[in-house]
1. Hey, any hits in segment B:193-209 for a residue that's of a type in the set (S, T, N, Q), touching a residue at least 40 places away in the same chain (Cβ under 8 Å) and either over 18 Å from B:Arg135 (Cα atoms) or more than 9 Å from chain C (Cβ to nearest Cβ) (or both)?
2. Given (1) surrounded by 18 or more Cβ atoms within 10 Å (Cβ to Cβ); (2) within 16 Å of ligand 2 (Cβ to nearest atom), where does A:Glu38 come up short, assuming only one miss?
3. Across segment A:105-119, what is the number of residues that are crowded, with 16+ Cβ neighbours inside 10 Å and either charged (D, E, K, R) or part of a helix (DSSP H, G or I) (or both)?
4. Inspect all residues belonging to segment B:128-138 and state whether any of them is among the charged types (D, E, K, R) and either in contact with an Asp or Glu (Cβ under 8 Å, 6 or more places away or on another chain) or away from chain C (no Cβ under 11 Å) (or both).
5. Looking for whichever is within 22 Å of A:Thr51 (Cβ to Cβ) and in contact with a helix residue (DSSP H, G or I) (Cβ under 7 Å, 6 or more places away or on another chain) here; the options are A:Val129, A:Val214. Which one fits?
6. Is it the case that A:Val129 is buried (at least 16 other Cβ atoms within 10 Å of the Cβ), assigned by TED's automatic domain parsing to the domain that holds A:Gln190 and at pLDDT 95 or above?
7. For segment C:239-254, give me each residue that is at the interface with chain B (Cβ under 9 Å from one of its Cβ atoms), closer than 17 Å to C:Ile276 by Cα and surrounded by 21 or more Cβ atoms within 10 Å (Cβ to Cβ).
8. If only one of C:Phe12, C:Phe42 is crowded, with 16+ Cβ neighbours inside 10 Å, hydrophobic (A, V, I, L, M, F, W, C) and within 10 Å of chain B (Cβ to nearest Cβ), which one is it?
Amino acid sequence: MASEFAVELRDVVKKFITPEGSEMAAVDHVTMQIRNGEFFSMLGSSGCGKTTSLRMIAGFEWPTEGDVYIEGKPMGHLPPFQRNVNTVFQSYALFQHMTVFQNVAFGLEMEGASKDEIARRVGRSLEMVQLTGMDRRRPRQLSGGQQQRVALARALVKTPDVLLLDEPLGALDLKLRKEMQLELKALQQQLGITFIYVTHDQEEALTMSDRIAVMSKGKIMQMGTSVEVYERPANRFVAEFIGESNFLEGKVKSVKGDQAVVDVPAWGEELIGIATGKVKAGDDVSVSIRPEKVRLTDKQGIKENSLEAVVTTSTYIGSDTHVYLDVRGQRFKVWEQNRISTLDPRAYYANGQKVWVTLLSENTLILPKA
Amino acid sequence: MLKRLRENKSAQGTLLISPTLIVMIGLLIIPLILTLIVSFGQRSPDGNVIYSFSLDNYIRLAGFSTDCTGGASFCFNPLYAQILWRSLALAFNTTVLVIALAYPLAYFIARAHPKRRTTFLFLVLIPLWTNFVIRVYAWMMLLRKEGVINIILGWIMGLLRIPFTPLEMLYTPGAVLVGMVYEFLPFMILPIYTSLEKIDNSLYEAAADLGANSIRTLLRVTLPLSMPGVVAGTILVFIPVMGTFIVSDILGGRQVILVGNLIQRQFLDARDPTFGSAASLILMVLTLIVTYFYTRKFGFGEEIVVA
Amino acid sequence: MNPFRRSPFVLFAAMLVYVFLYLPIFVLVLYSFNASRTNVVFTGFISQTGSQVVMDGSNVVQSPCGAFHWYCELSKNKDVTNAAKNTLTIAVVATIISTIVGTMAALALQRYNFKLRPFSQLSLYIPIVIPEIVMGIGILTLFSQLFGWINNALNLEGASRLTLGLGTVIVSHIAFMIPFVTLVVQARLQGFDKAYEEAAMDLGANEWTTFQRVTFPMILPGVLSGALLAFTLSLDDFVITFFTNGPGSTTLPIYVYGLLRRIITPQVNALSTVWIALVFFTVLLLQWIQNREQK
Ligand SMILES: Nc1ncnc2c1ncn2[C@@H]1O[C@H](COP(=O)(O)OP(=O)(O)O)[C@@H](O)[C@H]1O
Ligand SMILES: [Mg+2]
């Protein structure tokens, strides 16, 4: 291994000319380092530049500024067929005029592999994705899930250093998608290949990835493990995009270590919380409190951040009860786990019921606005 | 070199289009420019072109002449305007008749069972693929005094005991019209069919559901939606009719002279390419004007490619 | 409601139009068996007896070929075989070249952005919106002026003088066929997903291999229908050929046109019948191949 990083983007910018004629940066000064053997995801809503970033790694697009490095080597304008990365396309792009075997064999033929070797490696590859016996079929004669597996086998048979996947499960139904998520993850661990995975589905990213880059408008908002991006979002955007949260606006009064005191005018209270990003006294910040990390009690708690509230709606959804509250005029949501099996309606909160909300400072996050 | 080309998408496109552009410029645009230049020239006694800038040919086309009978130095005879007008009228009549014949057939095919559509369409294509000249010849055989139509008419009249003298149909304007209609009918059927076929069946059902009877469905749903096909067909029929000279030559004899015949004769019999070029340009401008106003009103359908 | 229900009026009108389309063809074929040499009135079929052609006035009474007498005459006619050879040569050569050039143009117009693109696209519509005769005499003028100039400048004499002939007809056919091929292929390219080509390159194929192995097989049906259209246009063309042919490059349509202005024997009908039959069976064959490929 020449480099610690399988793929590196250094200050990459990609500009497109819009149909109206103006310039638009689809990828805006992105720097990221993807380690060897890592399952790395790019997560963001549609149009944030994930596909464009991936296409620059594959070589279908060239950066306007900056460069892509694969195994430490700058790629410049190297065409796709000279890069040791392979792609699983969102539309699969299986060649309709070829059989499954011919599709998978295509990449090996390009390497000039012998007939025997091709047969052997294609067979093994199809076995890996559980498509043995389908090799004479045409892509049209396969189900969506099977086509997806052919696309995977076709890319993996080349034993690339890096596999690029652009929303590969997007076209599958939910159940199949969940199955494939586990299968893909297992495959990646078994092969030890670096996967770069593009998705707009946060749950998918959280379950599969070693690390996630959360993107918005061509920029990286945060890069980190699933736990990091969920428990310590770098800013309000990430906290809002991944999972759900209650937000309160405030101004920092003081910072001490990683803790900060914030004045929240809507509640007329001062809240103590963890400052994840760089904040200093006087900054306008958002206070984020995840709904599942709040305790509801019938009586006032002993902690300082304990506020009286009224239940506006309570929805039973099986594992949890979603309780929507009015806390001093602010909407506030709390997910209560249904730990006890009971038919007693009192266990599930009633509209208009008075409760106490207890906020722990270790669950209160102070986030920069960006 | 290869690397430079690989990175320059615009150069790749230009490279791919260049043979076409060379042909289009060399054999389309330059000839048109040349035609324009020649039309301003004068005819030499041996039938060649003397390049000059003279509007004589256009003045002649407009009907003015210095070569008059009775010793007048200047006279007016709108012979050529009449020819142009006759060609326009014929093209218009042909188009209208062709639409009237093509529409029911196209509608019939489009509404036929999908399995049989190919066969019905195929039956339209066969006459189209028999040669243009052969088709004119066939009508010559039909329209003759001793021809099949007169035989059939005579037989019917015989049954009805009405005295019958064979009709003189060949070498009349009517013969030319029938020939033109026959020649260009398939060019109207195909585009209309294409646009009718695109109409979803549920639209007919919706129309029926909303209480429209067949006539109203036809007028309010089918006709408007098939307009692109009619437009494309009109372009494919009107323009060639304006320029064709064989049909009038063979079915019209010397009786029906169209712009096409006028131009052709300048290049062969009369040997005055300068006058022929001028007539040809006038013909082109005329068709372009008609096409422009027609397509501006109705749009330019992609159905044109299908035929 | 039966979706394929149709009113009796539509059915009747459609049948009438079909009769209108086929009556002339039927008469044409029938008269190719006419005993009458002048072919004005149908005087009956020719009987197959003897080894000699026996005439009675202008009627053929007996022929070794029987009813197919005029077909036999046709096969002995040198002018016809020559014209047929010319027609096919022109159609094949012009179709091959215009299909290649037109496909390239379609790829360029559909895939690439370049400065000349709007102009190129527009120029393709010219042959559709101007009458063929205008194009025909334009090309004639070009060739006659160009050849006259070259012949004078190089002092060419006799057989080495440049004249109208097969070459000029082929070049002119190519010129009017390219736009049709391009527009047909372009229409087929519209739904082509670029991802297929990217996938091929991603798997290690360079641009040329990608074109050979992926792009071309995928656009082949479109290219073939463009070529078929070009071929039929070339076979059918009269006007352009009329102005650009020269001695020795007569095509069948030109030959038939020449006959129509002189005496017409049932040979012309025989020729037309052979033509129609060939077209019919070619189309049938193509249809059959296409059906088989879809399965
Ligand atoms: N070839 C292109 N030309 C112009 N704009 C493009 C092109 N490709 C992508 N874009 C634009 O760049 C932005 C990012 O696109 P993309 O990377 O596909 O987003 P994502 O995959 O995150 O949904 C979008 O606004 C898109 O419209
Ligand atoms: Mg995308």
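1. Keep residues of segment B:193-209 that are of a type in the set (S, T, N, Q), which gives B:194-195, B:201-202.
Filter once more, so that each one left must be touching a residue at least 40 places away in the same chain (Cβ under 8 Å): B:194-195.
Next, from what is left, pick out any that are either over 18 Å from B:Arg135 (Cα atoms) or more than 9 Å from chain C (Cβ to nearest Cβ) (or both): B:194-195.
Yes.
2. With respect to (1) surrounded by 18 or more Cβ atoms within 10 Å (Cβ to Cβ); (2) within 16 Å of ligand 2 (Cβ to nearest atom), A:Glu38 is out only on (2).
3. Pass one, segment A:105-119, residues crowded, with 16+ Cβ neighbours inside 10 Å: A:105-110, A:113, A:118.
Filter again for either charged (D, E, K, R) or part of a helix (DSSP H, G or I) (or both), leaving A:105-110, A:118.
Qualifying residue count, segment A:105-119: 7.
4. Quick first cut of segment B:128-138, residues among the charged types (D, E, K, R) only: B:135.
With the extra rule that they be either in contact with an Asp or Glu (Cβ under 8 Å, 6 or more places away or on another chain) or away from chain C (no Cβ under 11 Å) (or both), the set shrinks to B:135.
The answer is yes, given that some residue of segment B:128-138 is among the charged types (D, E, K, R) and either in contact with an Asp or Glu (Cβ under 8 Å, 6 or more places away or on another chain) or away from chain C (no Cβ under 11 Å) (or both).
5. Working: A:Val129 fails: within 22 Å of A:Thr51 (Cβ to Cβ).
Matching residue, one of A:Val129, A:Val214: A:Val214.
6. Working: buried (at least 16 other Cβ atoms within 10 Å of the Cβ): yes; assigned by TED's automatic domain parsing to the domain that holds A:Gln190: yes; at pLDDT 95 or above: no.
Spelling it out, it is not the case that A:Val129 is buried (at least 16 other Cβ atoms within 10 Å of the Cβ), assigned by TED's automatic domain parsing to the domain that holds A:Gln190 and at pLDDT 95 or above.
7. Taking segment C:239-254 as the starting set, the residues that turn out to be at the interface with chain B (Cβ under 9 Å from one of its Cβ atoms) are C:239, C:242-243, C:252-254.
Then drop every residue that is not closer than 17 Å to C:Ile276 by Cα, which leaves C:252-254.
Once the filter is applied, which keeps residues that are at the interface with chain B (Cβ under 9 Å from one of its Cβ atoms), closer than 17 Å to C:Ile276 by Cα and surrounded by 21 or more Cβ atoms within 10 Å (Cβ to Cβ), segment C:239-254 yields C:Leu252, C:Pro253.
8. None of the others qualify; the one that does is C:Phe42.
The values are calculated or read from the model by the stated rules, or taken from the named source; none is laboratory data. Worth saying up front: this structure is predicted, and the values here are computed from it rather than measured. Neighbour counts run over all protein chains shown; Cβ positions are idealised from the backbone, glycine included.
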